[in-house]
Amino acid sequence: MKHKKILLILISITLVGFTSLWGQSFVIQKDVYVAEDEVQKNVIALGGDVLIKGKVKESVVAIGGSITIEGEVGEVVLGIGSPITLKSTAIIKGDVVALGGSLLKEPGTTIKGDTIYFKVESLKDVLGILSGLSFAPFIPILIIIKLIAVFIWFILALVLAAIFPRQLALASAQIRKSFWSTFGIGLLAIIIFTGLIIFSAFLSLILIGIPLLLALILIGVIIKIFGRVTVFYFFGDSLARAFGSKNPSSLVAVILGLILVEFVGFIPILGSLFLLVMSIIGWGSVLRSKFGTTNNWFKKG
């Protein structure tokens, strides 16, 4: 239960932060109903039920609860621990991803993208299995912590890939176009950010720095999450194209990239250095592209 609460907090922070950055039209609430003549841009439900009879231009994401689609979704339907029901009238122009829960597709359902289904009874069961492994005498506790962290990154990557596929693609393009500039911006940003954290921590002794410290932590978490998922996307997209896929979906890209990056991260010493470099690159790509909203934030004109 503790891990599940941490996961929901991280996702909530990320979603709220990105909403304020882009100013997009999101519906974020427990239960969501989109009527036949209604159009929404994105729908996100935390622990509630989603019923779509109208149109959602981009993504439908539910954590817990259920998803029922009778209308049209422009990009991705993502359920985490949620039963997903796609009626015969449903039109999904992107991918359908079910992590846990169940997936029911009635005859006549239109899915133009990929269907990805991970058969797990619930998130609680997965976390329970990972935690239960700690009782095995031959598995170090650090590996268990790492596995839980990978699982949390997996869910965050799916959520961001479902909501911000174009932003991830644009941000990851900065790595391919100008690696060293991206690396340099990321390194400089982390150094400055660390200095600001230390400065605000000293100010916290006289209370005035507490709001600044909290704001910096929030910003750092958002950049860290988006930057890491951008790196997942970059490696996954490159790997998929190397094996002949001309236009891999964002969900496939982040899953492949996560597997590759986290696998290397398990290597002692070398893995830690690799993840450090990836964090620097992630920060650089996010800041250089202004969270994937422009080709190069630092380029004049």
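Against the definition (modelled with pLDDT of 85 or more, under 17 Å from the mean Cα position of the chain (by Cα) and not aromatic (Phe, Trp, Tyr)), how does Ala157 come out, yes or no? Yes: the conditions hold for Ala157. Residues that are at pLDDT 85 or above and touching a Phe, Trp or Tyr at 6+ places or on another chain (Cβ under 9 Å) within the stretch 265-277 comprise just one, Val277. Across the stretch 254-273, which residue is surrounded by the fewest Cβ atoms within 10 Å (Cβ to Cβ) among those that are among the β-branched types (Val, Ile, Thr) and more than 16 Å from the chain's Cα centre (by Cα)? Within the stretch 254-273, the match that is surrounded by the fewest Cβ atoms within 10 Å (Cβ to Cβ) is Ile269.
Looking across the stretch 194-217 at every residue that is in contact with a helix residue (DSSP H, G or I) (Cβ under 6 Å, 6 or more places away or on another chain) and not aliphatic (A, V, I, L, M), the one that is farthest from Phe291 (Cα to Cα) is identified as Ser204. Counting just the residues of the stretch 49-108 that are assigned to a strand (DSSP E or B) and of a type in the set (S, T, N, Q), which one comes out modelled with the lowest pLDDT? The residue in question is Ser66. Find the residue count for the stretch 198-224, including only residues that are in contact with a Gly (Cβ under 9 Å, 6 or more places away or on another chain), surrounded by 12 or more Cβ atoms within 10 Å (Cβ to Cβ) and not hydroxyl-bearing (Ser, Thr, Tyr). Here the count works out to 9.
Taking the listed residues Gly284, Gly195, the one that is in the same structural domain as Leu170 (by TED's automatic domain parsing), among the small types (Gly, Ala, Ser) and buried (at least 22 other Cβ atoms within 10 Å of the Cβ) is Gly284, with no other qualifying. Per the listing Gly94, Gly74, Gly79, the residue uniquely within 20 Å of Val34 (Cα to Cα), surrounded by 24 or more Cβ atoms within 10 Å (Cβ to Cβ) and in the same structural domain as Val43 (by TED's automatic domain parsing) is Gly79.
The values are calculated or read from the model by the stated rules, or taken from the named source; none is laboratory data. These numbers were taken from a predicted model, which means no experiment stands behind them. All Cβ positions, even for glycine, are placed from backbone atoms using ideal geometry, and neighbour counts span all protein chains on display.
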